[in-house]
1. Of Met29, Met122, Met22, how do they rank once you tally other Cβ atoms within 10 Å and put the fewest first?
2. At 7 Å along Cα-to-Cβ for each site, give me the label-to-label distance between Glu119 and Ile135 in nm.
3. Equivalent-ellipsoid semi-axes (√(5λ), Cα gyration tensor) for the range 41-97, whole Å, largest first?
4. Could the peptides 113-120, 183-190 be put in order, highest first, of the mean number of other beta-carbon atoms found within 10 Å of their residues?
5. Residue by residue through the range 172-186, which ³J(HN,Hα) values in whole Hz follow from phi under the Karplus form 6.51 cos²θ - 1.76 cosθ + 1.60 (θ = phi - 60°), with glycine and proline marked x?
Amino acid sequence: MIKMVKIEVSDLMGKITVGEVMSINPLMMEKDVSLFDALKISVQKGASAIIVTDNGVPAGIVTDRDIVTKVVYRALNPFDIKLEDIMTKPIITVKKDDPLEKAALLINKKKVRKLPVIEDGMIVGLLSENNIVKISPDLLLIAEKEEKNEGKEFQDEDIYYTGICEGCGKFSHELKYKNGMFLCPNCINDY
């Protein structure tokens, strides 16, 4: 005899981690690469986002949406555009061991479609809305509903960014937004 057990999708969200769902080996390129060259590689690899680096250090992200809204819509020439010209910075990130629910709430709150994934201070993956939808088509809708109805809302200090600290000028995967500045853990209490 088979026993049927009802499992709520919202119960599963807290048990699944970002690392179980993310895509591995995100595409990374230096900031001075032309958009045209970046697009050729991106299309060959089937990537919809590029982590932009400055001498190997993550500096921003360029997504397919950035290309459409910042280049195509304005009829700019991709040969004349460098990745740094259109990248979004600082990068909003999640940790590999974060619950998928946190990532879904963050995607809804920040209106982004892709989140680089951090482990041991390195970007190890990329989580997209599509990764989440593959688990459950309703997951993002449930996260949005929970955020609105149950107060599971992120404050800016709960979100980590990757980039350069505006206090000391050093790179960090753990920037937090405070008083209009992106600050690393060493500087956060000074402002």
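Just so it is clear, none of the values below were taken in a lab; they were calculated from the coordinates. Nothing here was measured: the structure is a model prediction, and the numbers come from that model. Counting neighbours? That spans all protein chains shown, and the Cβs are built from the backbone with ideal geometry, glycine included.
1. Listed from fewest to most nearby Cβ atoms, that is Met122, Met29, Met22.
2. 1.5 nm
3. Numbers: eigenvalues 87, 34, 28 Å².
Square roots of five times the eigenvalues give 21, 13, 12 Å.
4. 113-120, 183-190
5. 8, 8, 10, 5, 10, 8, 8, 6, x, 10, 9, 10, 7, x, 6
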